[in-house]
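Take a look at the following structure, please.
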Amino acid sequence: MRVSLMLAAVAAVAASPLLAQTTPFNKTEIKAPTAAQWSALAKLPDWSGVWQPTFMRPAKGAPFVRPPKPVLTAEAQKLADAFEAGKKNGENLQNQLANCVPPGMPGIMAMPYPIEWLFTPGRVTLAIETESQVRRIYMDGRALPTDPDPQFNGTSVGHWDGDTLVIDTVGFTPEITFTGGVHPSDKMKIHETYRLKDPNTLVGTITLTDPETLAQPYTINAAWTRHRDWTMREYVCQENNRDASDAHGRPSMSLGLDDKDDPFGDPAPNDGKGGQ
């Protein structure tokens, strides 16, 4: 029994994120910031406040602009077609968001919840209300890892090009999808740019490239409106979550009722007396 417990403990440690800290990227030393570095932050564009997504509208009140569909490789298109065909059988109507699995990149940037930018020496931190997610963009000059750990939001580095924030991201888990039925390969890269269009409008471009799934680069345009009087809220998806999805993407909603009173519950067995 003791040996079994020891082996289980070793396996748990081996699977833990602690061992993921051994790559050169993650071993980059973060030195204590100097007073000059803190002072330099005051010269950056003012992105303070909380930013509300405008749902692909170029500005508040402007008409909705639906993003174009990605042009897929032949193999990826087969997956997308199969995904759409499954809807006719009642499948693929829900995705793993219903089970509180975060969308990952780029979907996290298109969710209908606010975001907040935090500038510190050597890093930009993006707090996202959706499932209380956080993106860390390293601005200290390090290069992207050549063998990144797969993550929902990837691993990001960035720099300022004038007043435009430029971000490059690699290393996405195959658990996410960027279009119905299609998962990123380990070769996917995402290039982002963000800038102020006017004092209270932030605009961004998010461009995906992936030789295994995308026949050409896929660009999403987005915009956010600033609210200086808003605060971010905690979002715990698992709290009182009544939505769900089974392994085939079929809705499985729970209202917390007995099956006989729950329209989404299992049907009662037919007892021969007219029951359903």
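Exceeding 24 Å between C-alpha atoms, which entries from my cross-link table qualify? They are LYS87/LYS187; LYS43/LYS197; LYS78/LYS189; LYS43/LYS189; LYS78/LYS187.
Correct reply: LYS87/LYS187; LYS43/LYS189.
Would you pull out the residues with amide H under 5 Å of LYS197's amide H, same chain only if 5 or more places away, H placed 1.01 Å from N?
For LYS197, the qualifying residues are LEU202, VAL203.
Related question: Could you give the length gained by full extension between LYS88 and VAL101, i.e. 0.36 nm per residue of separation minus their alpha carbon distance, to one decimal place?
Between LYS88 and VAL101, full extension yields an extra 2.2 nm.
With labels modelled as points extended 7 Å from the Cα through the Cβ direction, what inter-label distance (nm, one decimal) is found for ILE30 paired with ASP229?
Taking the two extended label points, one gets 3.5 nm.
Now a separate question. What length, rounded to one decimal in nm, is gained on full extension from LYS197 through to GLU212, with 0.36 nm per residue of separation minus their alpha-carbon distance?
2.0 nm
Could you check the spin-label model distance between THR120 and ARG136? Points 7 Å from the Cα along Cα→Cβ, value in nm.
Computed distance between label sites THR120 and ARG136 equals 0.9 nm.
Okay, next question. Could you order peptides 40-47, 106-113 by the average number of other Cβ atoms within 10 Å of their residues, highest first?
Working: 40-47: 12.2, 106-113: 17.9.
Per-residue Cβ counts within 10 Å, averaged per peptide and sorted highest first, yield 106-113, 40-47.
With N denoting the number of residues in the range 154-223, provide Rg(C-alpha) divided by 2.2 N^0.38 Å, to two decimal places.
Working: Rg = 13.3 Å, N = 70, 2.2 N^0.38 = 11.1 Å.
The range 154-223 yields a ratio of 1.21.
Read-outs: derived from the displayed coordinates by stated rules, not from any lab. In this text, all values refer to a predicted model and were calculated from it rather than measured experimentally. Cβ atoms come from the backbone with ideal geometry, glycine included; neighbour counts cover every protein chain shown.
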